[in-house]
């Protein structure tokens, strides 16, 4: 029950945001490409852009434990770990 409600909550949030704030979000997004640089943009231009390999390395490091976790979850019998009767 709660699993289905979580999907309904996320969907209703997206629909609400689209219906009530969609025009504002779209206008801001379109106008952002034509506006003059603000102080934050000027300060950030001092720094180099992070290279793509950096993000790919982080992605691989963070996602690499996932297959091992699936293996542990689905291959190790929980009956053997939780059974206290010998």
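Quick note: the coordinates plus some simple rules give every number you see, no bench work behind them. None of these values were measured; they are calculated from a predicted model. So basically every Cβ, Gly included, is an ideal-geometry build from the backbone, and we count neighbours across all protein chains shown.
Which FRET efficiency value, to the nearest 0.05, is calculated for residue 54 and residue 19 with the Förster distance at 30 angstrom and r the Cβ-Cβ distance? The partial results should precede the final answer.
Working: r = 38 Å, r/R0 = 1.27.
In this case the efficiency is close to 0.20.
Helix 52-63: angle to the longest alpha-carbon principal axis of the chain, degrees 0 to 90, nearest 10? That helix lies at roughly 30 degrees to the long axis. Extending 7 Å from the Cα toward the beta-carbon at both residue 45 and residue 12 defines two label points whose distance is 4.6 nm. Here log10 I(q)/I(0) by the Debye sum over Cα atoms at q = 0.12, 0.21 Å⁻¹ was computed from the coordinates, and among (i) -0.88, -1.02; (ii) -0.31, -0.95; (iii) -0.41, -1.01 the match is (i).
At a Förster radius of 25 Å, what calculated FRET efficiency corresponds to the Cβ-Cβ distance of residue 72 and residue 3, to the nearest 0.05? Numbers along the way, then the final one.
Working: r = 23 Å, r/R0 = 0.90.
In this case the efficiency is close to 0.65.
For the chain, the mean residue ellipticity at 222 nm estimated from helices alone is -23500 deg cm²/dmol, where every DSSP H run of n ≥ 4 contributes -39500 (n - 2.57) and the total is divided by all residues, rounded to the nearest 500.
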